[in-house]
Amino acid sequence: MIRQLLHLGRRQEGDFLESLAREERGRLYVLDCHPEEGVAYLVPHELDGEKCRRFLWVGDPPASNAPRDRATTSGLHYLLGQVVTQMAEDSLLQEVLRPLLCELGGPGDRVRFVLDLSALRLEGAQDAEVGPFRVRGGRLQADCEALRRLLEEGTGAGGPGGKRAKTLADLVERLAETLLKAWGVEKPREGRLLFTLALNGKPLVDLPAYRQYLSHRLVGRYFKDAEPGRCHGCGAEGKVVGDFAGFRLKFYITDKKSFAPGLLEKAFPKAYGLCEACFRALLVGENFVLNKLLLRFLESDALVLPEAELPRESLQRMVDVLLAEVRGLERVGAWKEFLERASAAWKEVGYLGFSLLFFRRTNAATKAEELVLEVPPSRVEALFTALGEAGDGGFPVEGLRDWLYLLPLSRREGRVEAGPALKVASRIFMGLPLAPRDILPLWLKAAERAYREDASFFGIDRYRGPQGALDLAALGAGWVWVLRRLGIWGGYMEGKPLPLGEEALREAYGFGPLEAGLYLLGQAMEAVGQAQAKLYEYKKEPLLEALGWQGMSLVRVRHLVPEVMAKASYYLSGNELAAVLDLLSRATDLLERGRSQGPLSEKEVPYYILMGYAQARSRRLRAGKKEEVQDGAA
């Protein structure tokens, strides 16, 4: 991962700090103070990528407990207190900010200085009050001395201590609330709300002193005590550091060390130490990936890391192709749409290899959920080929997104627990086999939840009731076909050869006699079930209840055959009855042939029956639509 980020970082051109700017939307307010004129403005800007670069929005420090130290920040209370306190430690910036600083704390306090706006007329501000602060007639009625009194009243003493720090933080938050209320600032419906500082109409971020300060905060301070070593990025000998605390992505963690007895804590920083040039490149590469190569895949956040070294002159074009490719693997239609929109030059680009990092953001950290390493272009091509051929063959396969419905996933608090789908996708990407014994019971459970109309089932809006369960089984059949083409569908399906006339089942699904017998039994059941469903106006399908959703033994299957035969004689006649009896005869023969075959679990048995049932129903529906088209043409 470090390798890919370093490569992308080295490919970027232009100003170092601007290349670290995040690309976000929302609204940014510039607190523009004019001490000599005695006035302050709060100027709004619609936030976009250009404004993020203009005002150097590089984000707040990654550590949640770190003091805010950037001039463009995510909260007005940070700007009024923590930010100016940190900047005042720089002698050049302290001189610039001196006319507006009010010292309330002491050395080491997170909030030592506060912006004093009491001498400035707040242009456009309305009367507002958030105790103990108020704005009246465009003036903030709380000068520096008043703030000191409030601090002493809140702590009972002016000395240092945790209580004073808490009181200071509370005062700054209330001051910010008062100003936001007076200026009528509201959080945008979408995106971030940011604030930055300007002096006499010139943003602080434009000052050389601030750029030097920010560069030191992001890079320089880590190399203050750098030790000699070999750079992991370029191999050069020199001063290197292995401190990655300033990065948003955590390349390693040092907690829970007791889980790895004998671990040397300094081993990773020593082995992966970086020189200053590579440290900067890694920062730029990380930001580029989070800005340009972040997408939603299987209802999860994912980073797409290219495996090939992308040329600088066509970097953005190749990134667009890569993202379209990954989205296309989730839904093949998206790739086709991309190719239709793309120019001929884009279509000439071959498939690109990639790695995927799935992660989940929490309040405290970004946690990795699944990692897919080095998917080669050949496997990408094989996936697209198999998915395309499955669609051409009539299977309802759309892409890897299908697994969100095939698996019994639940929706909780507005999000789906997609972990099982990510693990399956990871195995498919890496070419690792999937065993029917593991997968089919999960597919059966998902189909049952659709059949029972389980409201918490993720796919319930798309797959509901008996027909929804059958549609899921037909989708599963399509994926068995795809996985067979990819060579990763394993199991007990390579037993005795099938009789003449049944070889198509081995060719399509790799069936042995036992699976083929269950599949044909399902097809016979569909014909009877169809006749039954007519009587219920297709609102119920009673024969599906006999399926054994919780599992079926082969003994139960042998009893099921005569039951289906009896129902067929009752509901069907003529050619339809003869066709069903033929299916049951072939199914019985295959089940007998498969007695010596490797065992199937009791959860696999009903799924093969359901699969045959679903495929027969799918063909019936397609035939009905074809007849409607022909009748319409006539």
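The values are calculated or read from the model by the stated rules, or taken from the named source; none is laboratory data. These numbers come from a predicted model, not from an experiment. As a convention, Cβ positions derive from the backbone with ideal geometry for all residues, glycine included, and neighbour counts pool all protein chains shown. Areas reflect the complete protein model, heavy atoms only, side chains present, ligands, DNA and RNA absent. Shrake-Rupley method; radii C 1.70, N 1.55, O 1.52, S 1.80 Å.
I'd like the residue in segment 119-136 that is touching a residue at least 60 places away in the same chain (Cβ under 8 Å) and closer than 18 Å to residue 102 by Cα and, out of all such residues, is farthest from the chain's Cα centre (by Cα).
Across segment 119-136, the extreme among qualifying residues is 119.
Taking the residues in segment 141-157 that are in contact with a helix residue (DSSP H, G or I) (Cβ under 8 Å, 6 or more places away or on another chain) and touching a residue at least 40 places away in the same chain (Cβ under 8 Å) as candidates, determine which candidate is surrounded by the fewest Cβ atoms within 10 Å (Cβ to Cβ).
Within segment 141-157, the match that is surrounded by the fewest Cβ atoms within 10 Å (Cβ to Cβ) is 151.
Taking the condition touching a residue at least 60 places away in the same chain (Cβ under 8 Å), of a type in the set (Lys, Arg) and either under 25 Å from residue 391 (Cα atoms) or in contact with a His (Cβ under 8 Å, 6 or more places away or on another chain) (or both), does residue 296 pass?
Answer is no for this residue.
If residue 458 satisfies every condition in (1) out of contact with any strand residue (DSSP E or B) (no Cβ under 6 Å at 6 or more places or on another chain); (2) buried (at least 22 other Cβ atoms within 10 Å of the Cβ) but one, which is the exception?
Against the list (1) out of contact with any strand residue (DSSP E or B) (no Cβ under 6 Å at 6 or more places or on another chain); (2) buried (at least 22 other Cβ atoms within 10 Å of the Cβ), residue 458 comes up short only on (1).
Got at least one residue in segment 100-123 being assigned to a helix (DSSP H, G or I), at pLDDT 85 or above, open to solvent by less than 70 Å² (accessible area, probe 1.4 Å) and within 30 Å of residue 47 (Cβ to Cβ)?
Yes, that holds for at least one residue.
Residues to consider are 500, 470, 514; find the one that is at pLDDT below 80 and either in contact with a Ser or Thr (Cβ under 9 Å, 6 or more places away or on another chain) or over 18 Å from residue 443 (Cα atoms) (or both).
500
Considering only residues that are open to solvent by less than 60 Å² (accessible area, probe 1.4 Å), within 20 Å of residue 9 (Cα to Cα) and modelled with pLDDT of 90 or more, which ones fall in segment 222-246?
Once the filter is applied, which keeps residues that are open to solvent by less than 60 Å² (accessible area, probe 1.4 Å), within 20 Å of residue 9 (Cα to Cα) and modelled with pLDDT of 90 or more, segment 222-246 yields 222, 223, 231, 233, 235, 236, 240, 241.
Condition (residue is charged (D, E, K, R), more than 36 Å from the chain's Cα centre (by Cα), modelled with pLDDT of 80 or more and within 24 Å of residue 445 (Cα to Cα)) applied to segment 619-634: is it met by at least one residue?
yes
Out of 383, 432, report the one residue that is out of contact with any strand residue (DSSP E or B) (no Cβ under 6 Å at 6 or more places or on another chain) and in a loop (DSSP other than H, G, I, E, B).
Answer to the check: 432.
Filter segment 280-314 down to the residues that are in contact with a strand residue (DSSP E or B) (Cβ under 7 Å, 6 or more places away or on another chain) and not in a strand (DSSP E or B) and list them by number.
Within segment 280-314, 282, 289, 293, 299, 307 meet the criteria.
Just to be sure I understand the filter: pairs with C-beta atoms under 6 Å, separated by 6 or more residues or on different chains, first member in segment 537-557 and within 20 Å of residue 514 (Cβ to Cβ), second member at pLDDT 90 or above and open to solvent by 30 Å² or more (accessible area, probe 1.4 Å). Which pairs pass?
551/602; 551/603; 552/602; 553/602
Being crowded, with 21+ Cβ neighbours inside 10 Å, touching a helix residue (DSSP H, G or I) at 6+ places or on another chain (Cβ under 9 Å) and farther than 27 Å from residue 243 by Cα: is that true of residue 175 here?
So residue 175 fits the description; yes.
When you go through 383, 371 one by one, which is the residue that is modelled with pLDDT of 95 or more and closer than 23 Å to residue 303 by Cα?
383
Please count how many residues of segment 500-521 are out of contact with any Leu (no Cβ under 6 Å at 6 or more places or on another chain) and either farther than 15 Å from residue 558 by Cβ or surrounded by fewer than 21 Cβ atoms within 10 Å (Cβ to Cβ) (or both).
The number of residues fulfilling the criteria is 13.
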